[in-house]
């Protein structure tokens with residue numbers, strides 16, 4: 001009897017186990033795969049990289065829905081437009097869910113989803129351009145209207161989020177950028193649905209998510225996102241330039257040069273990683289640096305080579321920043337920080353190796369064959385030979401003595417016969433003797 005009961009229990013258990021396995025298989029087979037891409041904080045190239053990676057992975061996995069969760073005060077326009085384009089071009093079902101705020105650049109992204117959901121207490125709008133000039137306002141106004149048109153939203157309301165001159169009676173007065181609460185957005189057909197929370201999106205979309213994959217920034221993306229913030233970029237560029245300048249004037253290759261190269265490498269690699277810059281900017285910066293080194297050590301003075309080097313360096317820095325105003329401020333800040341830092345280095349090192357690399361390396365004493373220029377009328381019309389190149393200042397040997405002179409304007413190479421043509425106080429002028437090669 002007991003054996004029969006045990007057999008019945010075993011058969012019943014086996015049947016229940018088989019039933020639950022089949023049920024779970026069917027449920028899992030019918031479950032939907034959802035990707036969630038959070039767009040929080042400042043809209044920048046780091047979030048653009050996250051969206052690119054998230055959509056690519058969702059397409060490979062055959063996702064049934066991609067939800068962009070938005071909570072941002074705005075950010076840079078260029079990455080926002082690129083994110084908007086990625087959402088519009090995606091072949092996957094996409095919705096945008098405004099968790100808190102979708103202001104400025106965030107509003108443009110929010111309008112790009114096939115459906116726009118807004119949580120209780122959320123808002124959308126306030127897309128002010130910087131600078132607030134007509135050409136920027138006009139361009140962004142068209143972007144908002146085109147996005148709203150594509151997704152069947154109210155185009156005039158979208159434009160009023162950008163242009164404060166647009167008047168919509170009862171909604172948007174003149175002189176004010178439009179910002180809508182969730183109820184206003186739904187009532188005026190800017191948002192599709194109001195939901196209590198994130199799961200409300202699935203209920204309305206009739207999605208049964210078996211798995212929700214939330215994309216996150218990698219460590220490299222987080223680091224690059226911090227480094228590409230303009231104020232961090234400015235500080236690292238200034239450190240890089242100062243480190244290389246210190247290394248140029250200090251003998252050997254040590255800590256300053258290493259820190260300088262690392263700072264510059266971190267900046268440019270971060271911008272290259274985000275796709276903002278290419279290797280061309282790195283080459284441009286290094287070419288400018290090389291020209292400055294040539295100007296300092298090969299062709300003393302400040303001429304065409306030095307100016308060209310500065311232009312190339314400033315150009316490479318300019319293209320790192322997202323817009324004209326930020327770039328100008330960034331370049332000015334890098335220059336000021338570099339100059340102040342260089343002055344501080346001079347104060348710290350004093351007459352040490354730093355100042356000795358700038359000053360002459362030997363004392364011009366009588367024992368070394370040098371003599372003062374004062375009261376040297378007797379040198380007029382005398383001839384001698386250049387000891388150093390005259391560019392235009394240099395040293396000439398006359399009657400066995402070294403004398404500081406200047407040429408009559410032309411550059412004169414070393415070892416050339418010259419004649420004193422003028423003496424005015426401490427200024428002794430020479431010219432090349434014709435026929436001398």
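Taking each residue of segment 135-153 that is free of Cβ contacts under 8 Å to residues at least 12 places away in the same chain and in the same structural domain as residue 106 (by TED's automatic domain parsing) and looking for partners that are part of a helix (DSSP H, G or I) and surrounded by fewer than 21 Cβ atoms within 10 Å (Cβ to Cβ) with beta-carbon atoms closer than 9 Å, six or more apart or interchain, yields 146/155; 149/155. Of all residues in segment 172-187, none satisfies the criterion of being surrounded by fewer than 17 Cβ atoms within 10 Å (Cβ to Cβ) and in contact with a helix residue (DSSP H, G or I) (Cβ under 7 Å, 6 or more places away or on another chain). Can you spot a residue in segment 188-206 that is crowded, with 20+ Cβ neighbours inside 10 Å, over 22 Å from residue 67 (Cα atoms) and touching a helix residue (DSSP H, G or I) at 6+ places or on another chain (Cβ under 6 Å)? No, segment 188-206 contains no residue that is crowded, with 20+ Cβ neighbours inside 10 Å, over 22 Å from residue 67 (Cα atoms) and touching a helix residue (DSSP H, G or I) at 6+ places or on another chain (Cβ under 6 Å).
Summed over segment 173-183, the residues that are under 13 Å from residue 126 (Cβ atoms) and touching a strand residue (DSSP E or B) at 6+ places or on another chain (Cβ under 9 Å) give a count of 5. Highlighted here are the strands (runs of 3 or more DSSP E) found entirely within segment 20-130 that include at least 1 residues which are over 26 Å from residue 177 (Cβ atoms) and out of contact with any helix residue (DSSP H, G or I) (no Cβ under 8 Å at 6 or more places or on another chain): 32-40.
Applying a threshold of 6 Å to beta carbon distances and a minimum spacing of six or more residues, or different chains, the list of pairs starting in segment 329-349 at a residue that is in the same structural domain as residue 318 (by TED's automatic domain parsing) and surrounded by 12 or more Cβ atoms within 10 Å (Cβ to Cβ) and ending at one that is outside any helix (DSSP H, G or I) and modelled with pLDDT under 85 reads 330/321.
Per-residue answers, yes or no, for (1) touching a strand residue (DSSP E or B) at 6+ places or on another chain (Cβ under 8 Å); (2) farther than 27 Å from residue 159 by Cβ:
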residue	(1), (2)
60	no, yes
69	yes, no
76	yes, no
86	no, no
101	yes, no
109	yes, no
122	yes, no
129	no, no
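Residues that are at negative phi and modelled with pLDDT under 95 were ranked within segment 123-134; the one that is farthest from the chain's Cα centre (by Cα) is 134. For segment 256-267, state whether one or more residues are assigned to a helix (DSSP H, G or I), within 20 Å of residue 78 (Cβ to Cβ), in the same structural domain as residue 345 (by TED's automatic domain parsing) and modelled with pLDDT of 80 or more. There is at least one residue in segment 256-267 that is assigned to a helix (DSSP H, G or I), within 20 Å of residue 78 (Cβ to Cβ), in the same structural domain as residue 345 (by TED's automatic domain parsing) and modelled with pLDDT of 80 or more. Looking at 226, 213, 232, just one residue is modelled with pLDDT of 85 or more and in the same structural domain as residue 39 (by TED's automatic domain parsing), and that residue is 213.
Mind checking whether some residue in segment 367-388 is surrounded by 16 or more Cβ atoms within 10 Å (Cβ to Cβ), at pLDDT below 55 and out of contact with any strand residue (DSSP E or B) (no Cβ under 8 Å at 6 or more places or on another chain)? Within segment 367-388, none of the residues are surrounded by 16 or more Cβ atoms within 10 Å (Cβ to Cβ), at pLDDT below 55 and out of contact with any strand residue (DSSP E or B) (no Cβ under 8 Å at 6 or more places or on another chain).
The values are calculated or read from the model by the stated rules, or taken from the named source; none is laboratory data. What you are looking at is a predicted structure, and each value in this text was computed from that prediction instead of being measured. Here the Cβ is made from the backbone with ideal geometry for all residues, glycine too, and neighbour counts use every protein chain on show.
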